[in-house]
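In what follows, a single structure is set out as structure tokens and then discussed.
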Amino acid sequence: MNEKYAPAEVEAAAHAHWAQPLWNGHNAYRVTEDQSKPKFYACSMLPYPSGKLHMGHVRNYTINDMLARQLRMKGMNVLMPMGWDAFGLPAENAAMKNKVPPAAWTYSNIAHMKGQMQAMGLAIDWSREVATCTPQYYKWNQWLFLKMLEAGIAERRTQVVNWDPVDQTVLANEQVIDGKGWRSGAVVEKREIPGYYLKITQYAEELLSAVNNPDDPQYLAGWPERVRLMQENWIGKSEGVRFAFTHDIRGADGALIGDGRMWVFTTRADTIMGVTFCAVAPEHPLAAHAAASNPAVAAFIAECAQGGTTEAELATQDKKGVATGLTVTHPLTGAAVDVWVGNYVLMGYGDGAVMGVPAHDERDFAFARKYGLAIQQVVAADGETFSTDAWADWYGDKQRAVCVNSGVLDGLPHKAAVSKVAELLAAKALGEKKTTWRLRDWGVSRQRYWGTPIPIIHCDDHGAVPVPEKDLPVVLPEDCIPDGSGNPLNKRADFLNVPCPVCGKPSRRETDTLDTFVDSSWYFMRYCDPTNAEAMVADGTQYWMGDTAGHPGMDQYIGGIEHAILHLLYARFWTKVMRDLGLVKVSEPFTKLLTQGMVLNHIYSRRSDKGGIEYFWPHEVEDIRDDAGKVTQARVKADGSLVDYEGVGTMSKSKNNGVDPQALIDQYGADTARLFVMFASPPEQTLEWNDAGVEGAHRFLKRVWGFGAKNAALLQRATSSNLSGATLRPEAATLRREVHLVLRQVSHDFDRMQYNTVVSGCMKLLNALEGFKADGSDGDTATLCEGMSVLLRALYPACPHITHALWAELGFAQAVGDLLDAPWPAVDEAALVQDQISLVLQISGKTRGALSVPAAADKAAIEAAALASPEFAKFSEGKAAKKVIVVPGRLVNVVV
């Protein structure tokens with residue numbers, strides 16, 4: 001064999017081997033539904049085909065690959081598929097920039113990224129590949145959407161969107177910058193337009209129970225606690241009181257607006273006596289009424305119409321408001337309460353109005369201080385002093401506070417006070433206890449081109465008519481090039497003009513497309529039946545997503561924490577809908593979830609005289625450190641100029657701190673890239689890039705290869721079966737014990753997916769093998785052979801190419817079979833039994849050497865051995881021992 005490690009040659013040969021039809025007539029990673037083996041479905045979140053893999057991809061997919069390969073060695077039928085989340089706005093932006101159709105850009109990127117994945121040696125079953133932009137895939141998006149319409153889970157209603165009046169298009173929230181369109185610079189307007197919604201709120205209780213109720217049979221115990229909490233908070237179940245402030249405000253038609261009631265919801269009904277103002281959303285009927293006669297209110301509402309539409313945006317923006325001049329009546333005190341319009345109140349949440357209790361709500365406190373509104377304390381806590389000068393956390397602490405200045409409520413704790421308020425309001429027919437949810441129905445209409453066409457035809461006589469099932473899929477034209485002037489589908493007569501399915505009259509297709517979260521909500525099920533043209537899911541899905549040891553659903557899902565809320569929530573909802581429509585049997589899609597940490601790298605920058613920022617690649621600079629070794633600045637290698645060090649951050653091309661996986665593979669090989677990203681950090685934690693660490697990983701693999709090459713002749717003529725009945729030298733027995741101790745730990749670490757310590761275990765194995773001096777006897781040779789066999793199998797899931805080559809070169813493939821399906825090594829408990837143990841030997845508390853004694857030696861025998869040792873004779877200086885202290889298994893101390 002080649003004495004030097006040549007990664008390019010090794011990896012090319014491995015790929016060629018795995019591509020051969022040697023495994024039941026297909027290539028190495030083709031998987032079928034095999035009832036004779038326990039199944040395991042391991043899936044990484046599918047990538048967006050941006051054009052290049054980044055190191056986050058390498059880390060994610062290597063985690064999955066290690067899991068899949070090791071479980072296959074353990075005799076399981078393992079599925080590891082891959083696909084492409086191929087629709088979306090970036091493709092449209094690239095199309096405008098490059099003047100090519102999004103389809104051409106997307107398919108080109110898919111081909112390139114697939115090649116990069118194959119170069120990594122991932123055990124992907126490419127026969128199951130899906131791209132969400134193909135009609136064969138999105139046909140089923142459309143089909144299930146129509147089924148949801150039939151079941152009442154989908155419906156058409158109005159939605160508030162960001163509208164660019166120049167580009168004549170709806171903008172995503174991220175395309176609105178400082179209230180203006182990202183391309184046109186035009187002031188963005190809020191518009192209310194029709195769209196389709198999926199009623200995820202119907203499943204709110206079930207979605208919540210699985211993340212916060214351990215007694216629920218569907219409880220997601222295999223998910224990280226923080227992800228369950230994020231889901232719980234997003235669903236946002238709140239128990240409180242909904243009640244009305246009455247008024248006699250009448251509209252232009254003379255009728256009472258809202259029947260004379262302005263409804264609010266609160267979880268803090270115990271603070272109702274502290275209401276000093278109310279705030280309504282800019283779209284609230286009372287705000288519109290005030291704007292008709294108050295120019296200041298009208299101007300403020302127009303200003304609000306230029307802001308964002310999401311709760312997250314409203315939470316971070318400056319809280320502003322304007323008084324309407326209107327008042328409503330407090331339902332319990334009868335006092336007049338001023339009504340304000342607030343930019344932080346959302347019409348789509350609750351009733352579009354909130355009660356303002358500045359003394360006990362931090363947001364209301366800030367608003368009241370800003371506009372000089374009254375702040376009235378109605379809750380107190382023992383030992384605390386209330387002040388209107390600054391907010392204190394205890395003001396809103398409902399656990400230890402009681403009502404004050406609240407009449408009949410005085411002295412009541414939170415829960416009792418809420419019940420009393422509900423009782424008083426019910427008696428006036430003005431309120432009741434109610435449960436509300438932060439979760440809102442999922443608006444799936446997108447006024448963009450590159451997405452799944454919504455299968456609706458608009459007829460003047462029959463309205464919105466579903467496309468007949470026989471006419472699916474509604475195929476998206478792939479030759480459009482967006483130019484920023486709105487959805488190009490509106491200019492495609494061949495797409496737009498169709499007959500009404502009901503009456504045959506000329507009608508018009510819907511040009512909105514579905515939210516791309518729809519594509520990623522079920523792709524993992526399509527992997528199971530990727531070519532089935534007759535059904536969305538079939539027998540393959542029942543097998544791979546079926547019951548495994550009492551845990552139905554995918555066995556292991558892997559992806560970034562950034563998808564912890566919406567993607568996972570929508571996938572859970574979609575699965576429940578498919579269950580209720582009789583398509584699947586599972587209620588939760590993912591049994592276990594691993595959210596891998598981000599890959600970080602150092603950031604170096606310099607601000608120009610004009611205020612711009614120039615970023616430098618880490619290899620372009622050298623660090624400047626302080627006396628403590630901390631990096632404070634850096635110096636550009638080319639000219640010696642100084643730059644700022646910003647610390648570490650997520651890899652990004654814009655900040656010149658990314659690492660190209662392909663360049664890394666070209667220089668060191670895929671196995672080095674894989675080994676480094678697994679060794680540098682536990683999978684769930686962030687990984688800080690380190691060029692020296694990459695070089696260290698490569699040196700380790702060269703050592704592994706070198707050890708195999710050096711001992712090739714010895715290993716090629718030996719098999720581990722020689723150990724049977726062999727008498728081992730103490731040194732060989734020690735090596736076997738070390739090998740099996742490490743194997744036991746590595747096996748445990750594989751089970752808990754702590755792959756960084758798996759790699760460190762492999763390093764320990766190599767150190768032990770390199771330190772063993774074989775004497776050529778059968779026992780030594782067999783021990784060395786067994787140790788190398790364990791090392792190659794333990795290292796294989798992380799570094800499949802080099803281990804495949806060594807396995808074949810050293811004769812293991814001929815003796816045991818291909819490494820891909822070699823059995824996972826079993827720990828030999830007999831090898832762990834020690835005949836002799838080594839204890840630290842101390843004389844009067846000072847370590848003077850080691851004492852070797854039989855493992856079964858009792859205290860008396862250990863004391864006698866210590867007193868008879870040459871170390872005692874040397875360091876006791878002829879003095880008698882006063883006492884001997886034995887710490888079992890650790891040390892013996894002779895006190896003189």
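Here is how the numbers come out for the structure above:
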quantity	calculated
So Met788, is it in contact (Cβ under 8 Å) with a residue 12 or more places away in the chain and in contact with a strand residue (DSSP E or B) (Cβ under 7 Å, 6 or more places away or on another chain)	no
Residues being more than 27 Å from Lys505 (Cβ to Cβ) and either in contact with a strand residue (DSSP E or B) (Cβ under 8 Å, 6 or more places away or on another chain) or among the basic types (Lys, Arg) (or both) - total across the range 431-489	19
Condition check for Gln136: crowded, with 16+ Cβ neighbours inside 10 Å, touching a residue at least 24 places away in the same chain (Cβ under 8 Å) and not in a loop (DSSP other than H, G, I, E, B)	no
Only one of Glu189, Glu206 that is more than 29 Å from the chain's Cα centre (by Cα) and over 17 Å from Pro482 (Cα atoms)	Glu189
Filtered residues of the range 33-45 (kept if touching an Asp or Glu at 6+ places or on another chain (Cβ under 7 Å) and crowded, with 22+ Cβ neighbours inside 10 Å)	Tyr41, Ala42
Residue match in the range 585-593 (condition: under 29 Å from Asp749 (Cβ atoms), surrounded by fewer than 18 Cβ atoms within 10 Å (Cβ to Cβ) and in contact with a Gly (Cβ under 7 Å, 6 or more places away or on another chain))	no
Within the range 595-699, strands (runs of 3 or more DSSP E) holding 2 or more residues that are within 30 Å of Lys764 (Cα to Cα) and of a type in the set (A, V, I, L, M)	599-607
Considering residues of the range 445-489 that are out of contact with any Ser or Thr (no Cβ under 6 Å at 6 or more places or on another chain), farther than 21 Å from Tyr197 by Cα and outside any loop (DSSP other than H, G, I, E, B) only, the residue modelled with the lowest pLDDT	Pro488
Condition met for Ala123 (among the aliphatic types (A, V, I, L, M), surrounded by 19 or more Cβ atoms within 10 Å (Cβ to Cβ) and farther than 21 Å from Gly658 by Cα)	yes
Filter result (part of a loop (DSSP other than H, G, I, E, B), more than 30 Å from Arg69 (Cα to Cα) and of a type in the set (D, E, K, R)) within the range 820-876	Asp835, Asp858
Single match in Arg30, Arg59, Arg72 (criterion: surrounded by fewer than 15 Cβ atoms within 10 Å (Cβ to Cβ) and within 30 Å of the chain's Cα centre (by Cα))	Arg30
Answer from Arg492, Arg572, Arg508 - the residue that is within 19 Å of Gly451 (Cα to Cα) and touching a residue at least 40 places away in the same chain (Cβ under 8 Å)	Arg508
Number of positions in the range 851-896 that are under 26 Å from Val833 (Cβ atoms) and surrounded by 15 or more Cβ atoms within 10 Å (Cβ to Cβ)	11
Failed item in (1) touching a Lys or Arg at 6+ places or on another chain (Cβ under 9 Å); (2) assigned by TED's automatic domain parsing to the domain that holds Asn497; (3) surrounded by 23 or more Cβ atoms within 10 Å (Cβ to Cβ), with Gly431 passing the rest	(2)
Members of the range 255-309 found to be surrounded by fewer than 16 Cβ atoms within 10 Å (Cβ to Cβ) and charged (D, E, K, R), listed by number	Asp259, Glu303
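Rundown of residues vs (1) aliphatic (A, V, I, L, M); (2) at pLDDT 95 or above; (3) under 20 Å from Phe243 (Cβ atoms), yes/no style:
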| position | (1), (2), (3) |
| --- | --- |
| Met273 | yes, yes, yes |
| Thr276 | no, yes, yes |
| Val280 | yes, yes, yes |
| Ala288 | yes, yes, no |
| Ala292 | yes, yes, no |
| Ala299 | yes, yes, no |
| Leu314 | yes, no, no |
| Gly321 | no, yes, no |
| Leu326 | yes, yes, yes |
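The values are calculated or read from the model by the stated rules, or taken from the named source; none is laboratory data. Small disclaimer: the values here were computed from a predicted structure and weren't measured. A quick note on method: Cβ atoms are made from the backbone with ideal geometry, for glycine too, and the neighbour counts reach across all protein chains shown.
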